[in-house]
Amino acid sequence: MASTLWIFIEVAEDVVEGDTRALDNAILVALRAPGEPDSPLGPAWIEAVARDVTALGSFTVLGLVVAAVTVFLLLARRHRTAMFVLLGTSSGMLASVLLKGAFSRPRPDIFPHGDFVISASFPSGHAMLSAIVYLTLGALLARLVPRRGLKLYVMSIALALTVIVGISRIYLGVHWPTDVLAGWAAGAAWALGWWGAAELVKLWSGERA
């Protein structure tokens with residue numbers, strides 16, 4: 001948790017000081033078709049795929065996933081786990097909104113956006129919330145499977161979903177790369193913090209989560 005929080009703080013400081021602008025611009029330009037700055041690099045179907053992938057990090061999709069998992073846990077009588085999942089993810093969504101308001105970084109304006117956006121740019125809400133939700137649920141599921149290989153597989157899928165959502169935001173030109181990096185770091189720190197708290201409560205109570 002400490003390392004991911006440190007990454008967020010370092011990136012945020014560089015963004016505020018304007019030290020990341022050149023690198024951010026260079027990466028976005030590299031992802032555009034040569035001679036066609038309005039078009040992302042690659043065939044048209046890749047842009048369509050990127051829009052599909054980016055939806056996996058939207059408030060709507062993540063909200064539905066969290067709601068479904070919370071109801072499942074309640075039905076399974078895992079009330080404490082349900083509480084931590086719901087509180088951890090919903091508070092993370094609030095934190096994302098507050099951070100965006102605090103930094104108020106404008107969205108990239110060098111190319112037309114490949115997706116509809118209305119909020120500020122830093123940190124990436126899709127990247128942050130994907131990290132919070134998918135890593136939290138991945139850790140939950142990993143605790144329920146017995147074999148180490150299965151645990152690794154589950155966490156790899158959770159990490160992969162988080163990464164591709166963030167990359168899609170950069171590819172579509174709706175976020176600066178440092179927005180996504182900060183979102184990943186903040187989301188990972190948030191998820192780790194809540195799961196650390198859950199483990200402490202479990203050890204203190206001596207009961208099943």
Is the shape of segment 136-184 rounded, prolate or oblate, going by the alpha carbon gyration tensor and its root eigenvalues a ≥ b ≥ c, with a/c under 1.5 for rounded and a/b larger than b/c for prolate?
-> prolate
Burial order of peptide ranges 127-135, 147-155 (average beta-carbon count within 10 Å, highest first) | 127-135, 147-155
Of A102, F59, A82, which is farthest along the charge dipole of segment 1-127 in the positive direction, counting Lys and Arg as +1 and Asp and Glu as -1 at C-beta?
-> A82
Could you rank the peptides 58-66, 161-169, 173-181, 40-48 by their average count of other C-beta atoms within 10 Å per residue, with the highest value first?
-> 173-181, 161-169, 58-66, 40-48
Label segment 92-137 by shape, choosing from rounded, prolate and oblate, from the square roots a ≥ b ≥ c of the eigenvalues of the Cα gyration tensor; if a/c is under 1.5 it is rounded, and otherwise prolate applies when a/b is larger than b/c, oblate when it is not.
-> oblate
Cα long-axis angle, helix 59-75 against the chain (0 to 90 degrees, to the nearest 10) = 10 degrees
Would you be so kind as to identify which of L28, G42, V71 lies farthest towards the positive end of the dipole of segment 25-80, taking Lys and Arg as +1 and Asp and Glu as -1 on Cβ and the Cα centre as origin?
-> V71
Could you calculate the contour length gain from R143 to A68, that is, 0.36 nm times the residue separation minus the distance between their Cα atoms, to one decimal place in nm?
-> 25.1 nm
Return the FRET efficiency for the residue pair M155, S39: r is the Cβ-Cβ distance, R0 is 35 Å, and the value is rounded to the nearest 0.05.
-> 0.50
Would you mind classifying segment 70-153 by shape? Square roots of the alpha carbon gyration tensor eigenvalues, ordered a ≥ b ≥ c; an a/c under 1.5 is rounded, otherwise it is prolate if a/b is larger than b/c and oblate if not.
-> prolate
In segment 93-118, which residues have a backbone nitrogen under 11 Å from the label point lying 7 Å from N25's Cα in the Cα-to-Cβ direction?
-> 110
Efficiency of FRET between A55 and R77 - r from beta-carbon atoms, R0 45 angstrom, step 0.05 = 0.90
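Looking at segment 1-84, what % of the alpha carbon pairs are farther apart than 19 Å?
Working: 2387 of 3486 pairs.
Result for the distance tail: 68 percent.
Taken together, the values in this text are just the output of simple stated rules run on the coordinates, not laboratory data. Small disclaimer: the values here were computed from a predicted structure and weren't measured. Positions of Cβ are backbone-derived with ideal geometry, glycine not excepted, and every protein chain shown enters the neighbour counts.
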